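*Asks:* Quick one: this structure, given as C-alpha cells, is what I'll be asking you about.
The values are calculated or read from the model by the stated rules, or taken from the named source; none is laboratory data. Since this is a predicted model, take the numbers as computed values, not measurements. Note that each Cβ is placed from the backbone with ideal geometry, even for glycine, and that neighbours are counted across all protein chains shown. Accessible surface is based on the protein model in full, side chains and every heavy atom, while ligands, DNA and RNA are left aside. Shrake-Rupley method; radii C 1.70, N 1.55, O 1.52, S 1.80 Å.
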Amino acid sequence: MIDALRFESTRIRTLRSTYWLIGLGLLITAGIAGIVAIASSDEPLDDTLIMTVLTGGGEFATFIPIFMAIIGIFAVGHEYRHGTIQPTLLAIPQRSTVLLSKIVIVLFTSAVVAIVSVAINFGVGTLFWGEAPDLTASPLNEAVPGYIVMVMIYSLLGIALAQLFRGIPAALVILLITPLLVEGLIAGLSMVPALDWLQPILKFLPFGAGQRLLAVTPYDPQGGPEFDYLDRWASGGVFAAFTVILLAVAWYLFKKRDA
Amino acid sequence: MITAEGLRKRYGSKVAVDDLSFNVRPGVVTGFLGPNGAGKSTTMRLMLDLDNGEGETRFDGRRFAEIRHPMTEIGAVLEAKSFHPTRTARNHLRMLAAGSRLPKKRADEVLEFVGLTEVRNKKPKGFSLGMAQRLGLAQALLGDPNTLILDEPANGLDPHGIHWLRDMLKALAAEGRCVLVSSHLLSEMSLMADELVVIGRGQMIFNGDVDEFVKKFTQTTVLVKSPSATQLTETLQQMGAEVEPNPEGGLLVSGADASVIGEIAHRDGIILHELATQSASLEDAFISATGASEEYVAHDVREEAASLVDGQGAHNETAGGAA
Ligand SMILES: Nc1ncnc2c1ncn2[C@@H]1O[C@H](COP(=O)(O)OP(=O)(O)OP(=O)(O)O)[C@@H](O)[C@H]1O
Ligand SMILES: [Mg+2]
C-alpha cells in the first residue's frame with residue numbers, strides 16, 4: 001500500500017493539470033471573495049456574507065468542489081484515456097490497492113486545497129472588512145467544516161464517475177449536468193400539482209442535499225418547491241451515500257472487468 | 001521459465017484465445033507469431049492478469065498477482081503509447097519506480113540504455129512511434145526483470161532500431177532471461193527468435209524451434225527452365241509431382257527432387273536451361289502455416305481491380321490474398 005501511495009502521489013504531482021486546477025480554483029474563489037468583501041465592506045457582517053467570502057461563492061458557484069472533482073476524474077480517467085492503466089497494473093496488480101491509493105491521495109489533496117482556500121479567503125475578507133470574522137460560533141463552526149467535507153465528497157465523486165465510465169468525457173458530463181438539469185427538472189416537476197408526490201424525494205437529491213453542508217440559514221424555497229431538507233450532516237450523508245454507492249459499483253466492475 | 005496453461009478468452013460468442021498452452025524457456029528469445037487478430041495481444045494480457053479469462057500462467061512457478069513487486073521480475077509492454085502526453089519520460093518512469101520501490105535513478109539509467117537521455121525531460125506527446133517504443137522498452141527494463149513480455153516492440157522502429165532491438169533482446173536472453181516477443185511480421189522475428197510459438201485464430205499452430213518450423217511447413221520446390229516445358233510438365237505430373245508456371249519464367253516443381261527431374265530430362269532427351277532447388281524461407285513457412293487461419297483476409301488486389309474494371313460494382317465474394 002505504501003508503494004501504491006508513493007506511485008499515486010508521484011502521479012498527481014507530475015501532472016500539470018493538478019497545478020492548473022488548484023491554482024485556478026484558489027485564484028477564482030479568492031477573487032470572488034475579494035469582490036464580495038469590498039462590496040460589503042460597510043455592511044454589518046452576517047453569517048451568509050461570511051460564508052460567501054470564505055467559500056468564494058460556494059453556495060451558488062461551486063468552483064473548488066468542481067475543480068477537485070475534475071482532479072478526481074483525471075486520477076482515474078487519464079489511466080484509460082492514455083492507456084496508462086496497463087503500466088499501472090503491471091507495477092501494482094492489486095486493483096483495490098490501486099483504487100484505494102487514488103482515493104486516499106485525491107481526498108488528501110482536496111482537503112488541503114479546501115482548507116487553504118478557506119484560509120486565503122479568510123485573509124482576503126479580514127483585509128477588506130478590517131476585522132476577522134468569528135468562526136467559532138454556530139452555525140459557522142459547522143458550516144466551514146461542512147464545506148471542506150463537501151469538497152472532499154465531490155473529489156471522491158469524480159473518482160467514482162471516472163472509474164464507472166472508464167473515461168473522462170462521460171464523467172464530466174454527468175458531474176456537470178446532473179445537478180443542473182436532472183435535479184432541476186425533478187424539482188420543477190414536483191411543483192406540477194399532479195406530480196406533487198415527487199416532493200418527498202427532493203431532500204434525497206444528492207447534489208442539492210450536498211449543498212446543505214455549507215448552509216447557514218434554513219432552506220428558503222424562493223418560489224421553488226416547498227419542503228424541508230434533513231439537517232446539515234444528514235443531508236451531507238445523502239450526498240456521501242450517493243457517491244459511495246457509485247464508487248462501490250465502479251469498484252466492483254473494476255475488479256471484475258478486463259483492464 | 002514461463003508456463004502458460006489452458007489460456008482461453010472469449011468476447012461474446014467469439015473465441016479470441018482457444019486453449020493455448022506453451023512454455024517460454026530462459027536463455028533464448030521466443031517469438032510469438034500470428035497474423036492480425038490471431039490473439040497474440042489477448043494472450044499476453046491474459047498472462048499478465050489484465051484480462052479475465054480461463055487458464056493459468058506461472059512465472060517461475062508463481063502467478064502474476066502473487067509477485068510482490070512485479071516490475072522487478074516481469075517487464076512488459078503491451079501498447080506502444082501508454083504514457084500521459086504531458087508527463088515527461090523521466091517522470092513517467094519515476095512514477096512507476098516509486099510504485100515498485102525502485103530508486104529514482106533507475107529511470108535515468110534505463111533512459112540512457114534505450115537512448116532517450118536527450119529527451120528525458122521532454123513531453124512525450126511529440127514522440128515518434130519509434131521513440132515511444134523505446135520508452136516502452138525503458139519501462140519494461142526499469143526493474144531489471146528476469147522476464148520480458150513485449151507486444152510488437154519492433155513496430156515503428158527503423159532498420160537501425162530493429163537491429164538494435166534484436167541485439168539487445170538476444171543479449172538479454174543470453175544472460176538467462178525469458179524473452180517473449182510478439183510480431184505479425186515473420187521477417188522481423190526470423191532475425192531475433194530462436195524458438196517460436198505460432199498461433200492462428202487463437203489456436204496453437206506450432207511451438208518449437210525455428211528450423212523445425214521451416215521444415216514442417218514448407219515444401220522444397222525446384223525451378224526448371226526448359227524449351228520443352230510442356231512435355232516435361234506432362235511427364236512430371238504423371239509421376240505425381242505438382243507443376244506450376246513460375247511468374248518470373250520457368251516452372252516450379254514440388255514433389256520431385258532436382259536429381260529426379262534431371263534424370264527424367266536426360267532420359268527423355270529434354271534440354272534444361274536451368275535446374276535449381278529453391279530453399280524455402282521462414283516467410284513461406286509462416287504463410288503456409290497461418291494462411292488458412294488468417295482472421296481478416298483482404299481481397300486480392302488484382303481481382304478487386306478486375307471487378308471494378310468490369311464495371312459491375314458487385315461485391316466480390318472471393319477472398320483471395322492468403323493462398
Ligand atoms: N476488447 C475486445 N472486444 C472484442 N473483441 C476483441 C477485443 N480485443 C480483441 N478482440 C478480438 O480478439 C481477437 C484477437 O485479438 P488480438 O488483439 O489479441 O490479436 P493480435 O494477434 O494481437 O492481432 P494484431 O497482430 O493485429 O495485434 C481479434 O479477432 C479481435 O477482434
Ligand atoms: Mg496485437
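*Asks:* Identify all residues within segment A:1-20 that are open to solvent by 10 Å² or more (accessible area, probe 1.4 Å) and either in a loop (DSSP other than H, G, I, E, B) or away from chain B (no Cβ under 14 Å) (or both); write none if there are none.
*Replies:* A:1, A:14 - these are the residues of segment A:1-20 that are open to solvent by 10 Å² or more (accessible area, probe 1.4 Å) and either in a loop (DSSP other than H, G, I, E, B) or away from chain B (no Cβ under 14 Å) (or both).
*Asks:* Within segment B:139-154, can you find the residues that are within 16 Å of ligand 2 (Cβ to nearest atom) and β-branched (Val, Ile, Thr)?
*Replies:* Across segment B:139-154, the qualifying residue is only B:149.
*Asks:* Given (1) within 16 Å of ligand 1 (Cβ to nearest atom); (2) open to solvent by less than 30 Å² (accessible area, probe 1.4 Å); (3) of a type outside the set (D, E, K, R), identify the lone condition not met by residue A:206.
*Replies:* Looking at each condition in turn, residue A:206 falls short on (1).
*Asks:* Kindly indicate the residue of segment A:176-206 that is in a helix (DSSP H, G or I) and touching an Asp or Glu at 6+ places or on another chain (Cβ under 9 Å) and also farthest from residue A:59 (Cα to Cα) among those meeting that condition.
*Replies:* It comes out as A:199.
*Asks:* What's the number of the condition residue B:65 fails, among (1) of a type in the set (A, V, I, L, M); (2) surrounded by fewer than 20 Cβ atoms within 10 Å (Cβ to Cβ); (3) within 16 Å of ligand 1 (Cβ to nearest atom)?
*Replies:* (3)
*Asks:* When segment A:82-127 is examined, which residues are found to be hydroxyl-bearing (Ser, Thr, Tyr) and not in a helix (DSSP H, G or I)?
*Replies:* A:84
*Asks:* Just name the residue that is farthest from the other protein chains (Cβ to nearest Cβ) out of those in segment B:4-25 that are within 16 Å of ligand 2 (Cβ to nearest atom) and under 27 Å from residue B:172 (Cα atoms).
*Replies:* Per the criteria, the residue is B:20.
*Asks:* Output the strands (runs of 3 or more DSSP E) that fall wholly within segment B:86-201 and possess 2 or more residues being in contact with a helix residue (DSSP H, G or I) (Cβ under 7 Å, 6 or more places away or on another chain) and within 11 Å of chain A (Cβ to nearest Cβ), or say none.
*Replies:* B:147-151
*Asks:* How about segment A:134-191: which of its residues are in contact (Cβ under 8 Å) with a residue 60 or more places away in the chain and hydroxyl-bearing (Ser, Thr, Tyr)?
*Replies:* Once the filter is applied, which keeps residues that are in contact (Cβ under 8 Å) with a residue 60 or more places away in the chain and hydroxyl-bearing (Ser, Thr, Tyr), segment A:134-191 yields A:147, A:154, A:155.
*Asks:* While we're on this one: May I ask you to list the residues in segment A:21-49 that are open to solvent by less than 10 Å² (accessible area, probe 1.4 Å) and within 20 Å of the chain's Cα centre (by Cα)?
*Replies:* Once the filter is applied, which keeps residues that are open to solvent by less than 10 Å² (accessible area, probe 1.4 Å) and within 20 Å of the chain's Cα centre (by Cα), segment A:21-49 yields A:25, A:29, A:33.
*Asks:* When you look at residue A:220, is it among the acidic types (Asp, Glu) and within 14 Å of another protein chain (Cβ to nearest Cβ), yes or no?
*Replies:* For residue A:220, the condition - among the acidic types (Asp, Glu) and within 14 Å of another protein chain (Cβ to nearest Cβ) - is not met.
*Asks:* Do we find that residue B:51 is touching a residue at least 24 places away in the same chain (Cβ under 8 Å), of a type outside the set (A, V, I, L, M, F, W, C) and more than 10 Å from every other protein chain (Cβ to nearest Cβ) in this structure?
*Replies:* no
*Asks:* Across segment B:109-119, what is the number of residues that are open to solvent by less than 100 Å² (accessible area, probe 1.4 Å), over 28 Å from the mean Cα position of the chain (by Cα) and either among the hydroxyl-bearing types (Ser, Thr, Tyr) or farther than 17 Å from residue B:81 by Cβ (or both)?
*Replies:* Going through segment B:109-119 one residue at a time, the tally reaches 2.
*Asks:* Separate question: When only residues in segment B:26-48 that are part of a loop (DSSP other than H, G, I, E, B) and open to solvent by less than 20 Å² (accessible area, probe 1.4 Å) count, which is farthest from the other protein chains (Cβ to nearest Cβ)?
*Replies:* B:35
*Asks:* In segment A:223-259, what residues are within 14 Å of chain B (Cβ to nearest Cβ) and not in a loop (DSSP other than H, G, I, E, B)?
*Replies:* Hits for segment A:223-259 are A:252, A:253, A:254, A:255, A:256.
*Asks:* Given the structure, is residue B:72 open to solvent by less than 20 Å² (accessible area, probe 1.4 Å), touching a residue at least 60 places away in the same chain (Cβ under 8 Å) and in the same structural domain as residue B:179 (by TED's automatic domain parsing)?
*Replies:* no
*Asks:* Please state which one of B:45, B:101 is of a type in the set (D, E, K, R), under 20 Å from residue B:145 (Cα atoms) and within 15 Å of ligand 2 (Cβ to nearest atom).
*Replies:* B:45
*Asks:* Would segment B:72-82 turn up any residue that is part of a helix (DSSP H, G or I), closer than 17 Å to residue A:2 by Cα and facing chain A (nearest Cβ under 7 Å)?
*Replies:* No: zero hits.
*Asks:* Give the residues of segment A:65-87 that are at the interface with chain B (Cβ under 9 Å from one of its Cβ atoms) and touching a residue at least 40 places away in the same chain (Cβ under 8 Å), sorted by residue number.
*Replies:* Matches in segment A:65-87: A:78, A:81, A:85, A:86.
*Asks:* Tell me, which residue of segment B:177-198 that is small (Gly, Ala, Ser) and away from ligand 2 (no atom under 13 Å from the Cβ) is nearest to residue B:26 (Cα to Cα)?
*Replies:* B:193
*Asks:* Considering segment B:147-189 alone, what residues qualify as being in contact with a strand residue (DSSP E or B) (Cβ under 7 Å, 6 or more places away or on another chain) and either more than 16 Å from ligand 1 (Cβ to nearest atom) or not assigned by TED's automatic domain parsing to the domain that holds residue B:207 (or both)?
*Replies:* Answer for segment B:147-189, where residues must be in contact with a strand residue (DSSP E or B) (Cβ under 7 Å, 6 or more places away or on another chain) and either more than 16 Å from ligand 1 (Cβ to nearest atom) or not assigned by TED's automatic domain parsing to the domain that holds residue B:207 (or both): B:147, B:148, B:169, B:170, B:172, B:173, B:177, B:178, B:179.
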